[in-house]
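In what follows, a single structure is set out as structure tokens and then discussed.
The values are calculated or read from the model by the stated rules, or taken from the named source; none is laboratory data. Quick caveat, the model's predicted, so the values are computed rather than measured. So basically every Cβ, Gly included, is an ideal-geometry build from the backbone, and we count neighbours across all protein chains shown. What goes into the accessible areas is simple: the full protein's heavy atoms, side chains included, and nothing from ligands, DNA or RNA. Shrake-Rupley method; radii C 1.70, N 1.55, O 1.52, S 1.80 Å.
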Amino acid sequence: MDMDKIVCACNSVTNGMIKEAVESGAKTLEEVQEKTGAGTVCGACTEDIQHLIDEFS
């Protein structure tokens, strides 16, 4: 997996940033959104974020 790939274009959040958030304790979509800002503008990437949370957990 490319850790530099953008998941959330609105806030320029990458796969790696999502992984870091999960590894630092974020367990839910809401917690990852709070830590990274991903999925908080248009919301189009929330399914992708949830998939990554499941994968990294």
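So, for the chain, what is the accessible surface per residue at a probe of 1.4 Å, expressed in square angstrom?
61
Using the Cα centre of region 6-47 as the reference point, and only Cβ charges (+1 on K/R, -1 on D/E), how large is the resulting charge dipole? Debye, rounded to the nearest 20.
80
Show E20, E47, E31 ordered by accessible area, largest first, where the area counts protein heavy atoms only and the probe is 1.4 Å.
From most exposed to least exposed: E47, E20, E31.
Only sites in a loop by DSSP and with at most 13 other Cβ atoms within 10 Å count here; which trypsin sites (Lys or Arg not before Pro) in region 4-57 make the cut?
Taking region 4-57 and a limit of 13 other Cβ atoms within 10 Å, the loop trypsin sites (Lys or Arg not before Pro) found are K5, K27.
Within the chain, what whole-number % of the accessible surface is contributed by carbon and sulfur, with the 1.4 Å probe and all protein chains included in the calculation?
46
Here are labelled values, (1) 41, 20, 4; (2) 17, 17, 9; (3) 14, 12, 10, and one is the computed semi-axes √(5λ) of the Cα gyration tensor in Å for what I pasted. Which one?
(3)
Calculate the spin-label point distance for K27 paired with T40, positioning each point 7 Å from the Cα along the beta-carbon direction, and give it in nanometres.
Output for this residue pair reads 2.1 nm.
Full-extension gain between F56 and M3, please, as 0.36 nm times their residue separation minus the C-alpha to C-alpha distance.
Full-extension gain reported as 17.9 nm.
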